[in-house]
Amino acid sequence: MLKLEGVTADLGGKRIIDGFSAEFAPGVYAIMAPSGRGKTTLLRAIAGLIPFGGSITGAGKTAMLFQDDRLFPWLTVLQNAAITDKTEAAAAKWLACLGLSGYENAMPDTLSGGMQRRVSIAAWLVYGGDTLLMDEPTRGLDEDNAGRVMDIACRYAVGKPLIFTTHSPFLAQRFADRIITL
């Protein structure tokens with residue numbers, strides 16, 4: 001179980017998270033708050049990517065889907081999706097599930113923003129982890145692809161905590177077992 005106790009985090013000399021505590025058993029959690037209230041900062045603290053106060057235990061290996069797509073422009077779609085796994089079979093499987101069959105040899109700059117987002121999600125799925133973090137996972141996706149992505153992520157997360165940030169009450173209510181407001 002992922003446990004956060006009294007977590008604090010500062011950015012640019014300003015306290016962004018102040019004493020946040022929660023427990024995350026296996027299940028799906030949506031974190032909601034207006035922009036600038038610490039959603040991304042909280043995920044980055046859980047992933048161990050920024051310094052924080054308090055304690056975070058039980059995260060294990062964390063898989064972090066960043067809000068911005070981090071694709072290597074000199075690698076193909078398949079190579080980007082397989083970046084954390086030397087075999088490309090898992091990457092090809094997830095690309096197909098995400099509606100990207102036929103684009104495996106395309107370069108990222110030839111894809112739409114929504115397609116690039118799905119390549120990033122495929123890489124996140126290939127990487128896997130004990131704790132699954134998604135920062136605005138449906139950013140740039142149309143309604144059908146947003147639903148597909150969240151369906152896949154929720155099925156993939158069975159037995160693990162999946163924590164995603166969103167500004168969409170609809171997505172939070174449809175997919176989360178619990179909604180946390182910062």
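The values are calculated or read from the model by the stated rules, or taken from the named source; none is laboratory data. Only a predicted model underlies this, so the values are computations on that prediction, with no experimental measurement involved. When we count neighbours, we look across all protein chains shown, and the Cβ atoms used for this are built from the backbone with ideal geometry, even at glycine. Protein only, heavy atoms only, side chains kept; ligands, DNA and RNA dropped before computing areas. Shrake-Rupley method; radii C 1.70, N 1.55, O 1.52, S 1.80 Å.
Please verify whether R70 is surrounded by fewer than 16 Cβ atoms within 10 Å (Cβ to Cβ) and either aliphatic (A, V, I, L, M) or touching a residue at least 40 places away in the same chain (Cβ under 8 Å) (or both), treating the condition exactly as stated.
Working: surrounded by fewer than 16 Cβ atoms within 10 Å (Cβ to Cβ): yes; either aliphatic (A, V, I, L, M) or touching a residue at least 40 places away in the same chain (Cβ under 8 Å) (or both): yes.
So R70 fits the description; yes.
Does the range 37-44 contain any residue that is in a loop (DSSP other than H, G, I, E, B) and modelled with pLDDT of 95 or more? Working first, answer last.
Here is the first cut: in the range 37-44, the ones in a loop (DSSP other than H, G, I, E, B) are 37-38.
Pick out the ones that are also modelled with pLDDT of 95 or more and you get none.
For the range 37-44, residues in a loop (DSSP other than H, G, I, E, B) and modelled with pLDDT of 95 or more: absent.
Scanning the range 56-67 for residues that are aliphatic (A, V, I, L, M) and in a strand (DSSP E or B), which turns out surrounded by the most Cβ atoms within 10 Å (Cβ to Cβ)?
Filtering the range 56-67 for residues aliphatic (A, V, I, L, M) gives 56, 59, 63-65.
Filter once more, keeping what is in a strand (DSSP E or B): 56, 63-65.
Numbers: I56: 19, A63: 22, M64: 18, L65: 24.
Looking at residues that are aliphatic (A, V, I, L, M) and in a strand (DSSP E or B), I get L65.
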State the number of residues belonging to the range 7-35 that are surrounded by 15 or more Cβ atoms within 10 Å (Cβ to Cβ), modelled with pLDDT of 95 or more and among the acidic types (D, E).
0
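Quick one: is L75 in a loop (DSSP other than H, G, I, E, B), at pLDDT 95 or above and in contact with a helix residue (DSSP H, G or I) (Cβ under 6 Å, 6 or more places away or on another chain)?
On the way: in a loop (DSSP other than H, G, I, E, B): yes; at pLDDT 95 or above: yes; in contact with a helix residue (DSSP H, G or I) (Cβ under 6 Å, 6 or more places away or on another chain): no.
Against the criterion (in a loop (DSSP other than H, G, I, E, B), at pLDDT 95 or above and in contact with a helix residue (DSSP H, G or I) (Cβ under 6 Å, 6 or more places away or on another chain)), L75 does not qualify.
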Output the number of residues of the range 78-88 satisfying the condition of being open to solvent by less than 70 Å² (accessible area, probe 1.4 Å) and assigned to a loop (DSSP other than H, G, I, E, B).
2
Pairs needed: first member in the range 89-115, of a type in the set (S, T, N, Q) and in a loop (DSSP other than H, G, I, E, B); second member anywhere, at pLDDT 95 or above and open to solvent by less than 30 Å² (accessible area, probe 1.4 Å); C-beta distance under 8 Å; at least 6 residues apart or different chains.
S101/L95; N105/T76; N105/V77; N105/L78
Could we say that R139 is outside any helix (DSSP H, G or I), open to solvent by 50 Å² or more (accessible area, probe 1.4 Å) and among the charged types (D, E, K, R) here?
yes
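Those residues that are surrounded by 13 or more Cβ atoms within 10 Å (Cβ to Cβ), without any contact (Cβ under 8 Å) to a residue 60 or more places away in the chain and within 18 Å of the chain's Cα centre (by Cα), I need them from the range 36-55; list them, please.
Residues of the range 36-55 that are surrounded by 13 or more Cβ atoms within 10 Å (Cβ to Cβ), as a first pass: 37-47, 49-50, 52-54.
Now restrict to residues that are without any contact (Cβ under 8 Å) to a residue 60 or more places away in the chain: 41, 44-45, 49-50, 52-54.
T41, R44, A45, L49, I50 - these are the residues of the range 36-55 that are surrounded by 13 or more Cβ atoms within 10 Å (Cβ to Cβ), without any contact (Cβ under 8 Å) to a residue 60 or more places away in the chain and within 18 Å of the chain's Cα centre (by Cα).
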Does the range 142-170 hold any residues that are more than 17 Å from P26 (Cα to Cα), under 14 Å from the mean Cα position of the chain (by Cα) and assigned to a helix (DSSP H, G or I), and which are they?
A146, V149
